[in-house]
Amino acid sequence: APERFEIRNIQMEKVRAGQLREVIIEEMKPNYVAEQNRSNQDLLDLLVEMAMDVGAEAFMNQSLALRDREKLCGRLFDISCPTLVMCGEEDRLCPLAFHEEIASFVPDAELEIIKHAGHITTLENPEAVNAALEKWLKRKPMN
């Protein structure tokens, strides 16, 4: 999103200055996890630990890729395989409208919304993610 461009630049400057942990903590709680998960200290600690394990260089590379990528929604029409678009109900980084748009561009795509989750669905509500994947895989024959 255009409003994220300058945010990413500020975050990258902080990471260059050795503040990766601070950037992750500032960004994660309000933007990555659902409201009801923001008090789950084990989850928050795990997310910080994962980001720190990946490190500053990966953060920078990911930030540049996200900041500078071109929008490719027009190419989604070319997808010809069974497709499941999944998102957290409370994803602030990639909100439901974004996922609805993706699903509308992919022929015959199914959209699955994971309740009680934000951007990190697999960690916030793994049971619902697994159930959705299992249900979808059972309906779609693999080629």
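The values are calculated or read from the model by the stated rules, or taken from the named source; none is laboratory data. What you see is a predicted model, and the numbers here were worked out from it, not measured in a lab. Glycine gets a Cβ as well: all are built from the backbone with ideal geometry, and neighbour counts include every protein chain shown. Please note that ligands, DNA and RNA were not included when accessible areas were found on the heavy atoms of the full protein model with its side chains. Shrake-Rupley method; radii C 1.70, N 1.55, O 1.52, S 1.80 Å.
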*Kindly indicate whether residue 132 is modelled with pLDDT of 95 or more, within 26 Å of residue 80 (Cβ to Cβ) and either surrounded by fewer than 16 Cβ atoms within 10 Å (Cβ to Cβ) or out of contact with any helix residue (DSSP H, G or I) (no Cβ under 6 Å at 6 or more places or on another chain) (or both).*
yes
*region 103-115, residues that are small (Gly, Ala, Ser) and part of a loop (DSSP other than H, G, I, E, B)*: 109
*With 7, 79 as the choices, which residue is open to solvent by less than 80 Å² (accessible area, probe 1.4 Å), among the hydrophobic types (A, V, I, L, M, F, W, C) and within 17 Å of the chain's Cα centre (by Cα)?*
7
_Being surrounded by 16 or more Cβ atoms within 10 Å (Cβ to Cβ) and of a type outside the set (Val, Ile, Thr) is the filter here; which residues of region 101-115 pass it?_
103, 105, 109, 110, 111, 112
_Test set (1) touching a residue at least 60 places away in the same chain (Cβ under 8 Å); (2) surrounded by fewer than 14 Cβ atoms within 10 Å (Cβ to Cβ); (3) within 17 Å of the chain's Cα centre (by Cα); (4) part of a loop (DSSP other than H, G, I, E, B) - residue 118 fails condition number_ = (2)
*Quick one: which of 15, 54, 48 is free of Cβ contacts under 8 Å to residues at least 60 places away in the same chain, of a type in the set (Val, Ile, Thr), surrounded by 12 or more Cβ atoms within 10 Å (Cβ to Cβ) and more than 22 Å from residue 91 (Cβ to Cβ)?*
15
*Any idea how many residues of region 83-100 are open to solvent by 60 Å² or more (accessible area, probe 1.4 Å) and more than 26 Å from residue 12 (Cα to Cα)?*
3
